[in-house]
Structures are given as C-alpha cells and as structure tokens.
Amino acid sequence: MLKHSTIILSSLILILTVFAAIVLCADSLPAESVDLYVEQASKYFLEGRYNDGISAAKSSVDLNPNDPRGYNFLVANYAGLGNYYDAIKASKKQLEIIESKGIFDVNIVTRHAALLEVGFNHDKAIAFLKAYRKRFPRTISTSIEGLKKAKVKKAFYYPYFRQP
C-alpha cells in the first residue's frame, strides 16, 4: 500500500512540476514566436510578398501587441502594397509603443512623416513633424523645409516615394 501511495504521490508531483514548467515557460514561448513572425514578415517584405508579410506581422502583433517590431513590418508591407492608410495606422501605433518606453527614433518619425506626405499631403506631414522639432532640431527642420519646397513643386520630398 505504501509503495502504491508513493507512486501516486510521485506521479502527482511530476505532473505538477511539468505543469509549473509549462506555465513558467509560457512567457518565453510567445517571444520566440514573435521573433519568428518578425523574421518572416521581413523576409516576405524583401521578396515583395506583401500580403504574406502582413499576415506574419499581424501574427507577431497578436502575440505581443507591445513589441514595435511587428508594427514596423506592418508599415513596410502595407506601404509596399500602396495601402498608406493602414501603414499610417500601424506607424502611429509603433510610435506610441516606442515613445511609451522612452525611445525616440528620428528614422521612425521621418518615415511616419513620409507616409503622411504620400497618404494625405505635405501639410499633414509638416504639422506632424513640428511636434518633434525640439527633440531632433536639425533633422526635423531640414525635413520641414524640404516638404515645403516639394509642396511648391508638387512633388514628394521623401525619397521613398519620388517618381523617377
């Protein structure tokens, strides 16, 4: 009888240990999956497979909505399709996330301005950039002046969308 109780108790302890390990490791599983989806979204973007890139980036965002990398590739893949409306929404979310973490990246700011320029107009891009002038004075001032000149010429300032 004691041997039977020991086996049951040992089995129960083993089951609880495995369960605890699964619960404790569950936090690391999405991060690995997020990395995988981000890599896929990047690969698909580079291959011009934008719809596949959007699917992979959305999977990344679904797993960890506070990781800005998924939004980064949503932006890139939506823009690749010419869907600037959704690219701007994803870019705005990416900016919110990184700024909430105390990170300010002029490249992400200027890319958002470029999307506003092509998706809406020069004035929206200029208005957006003015909020960042104190943080990145030279870069933002140069961008604003460039946008103003491009507006007069009825052209795009940012090189991503210049017509040959």
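The values are calculated or read from the model by the stated rules, or taken from the named source; none is laboratory data. Small disclaimer: the values here were computed from a predicted structure and weren't measured. Heads up: the accessible areas ignore ligands, DNA and RNA and are worked out on the full protein's heavy atoms, side chains in. Shrake-Rupley method; radii C 1.70, N 1.55, O 1.52, S 1.80 Å.
Laid out as a table, the results:
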quantity: Unsatisfied cross-links (Cα-Cα over 31 Å) in the set Lys101/Lys154; Lys58/Lys154; Lys92/Lys149; Lys92/Lys154; Lys101/Lys124; calculated: Lys101/Lys154; Lys58/Lys154
quantity: Per residue accessible area of region 28-164, 1.4 Å probe, in Å²; calculated: 57
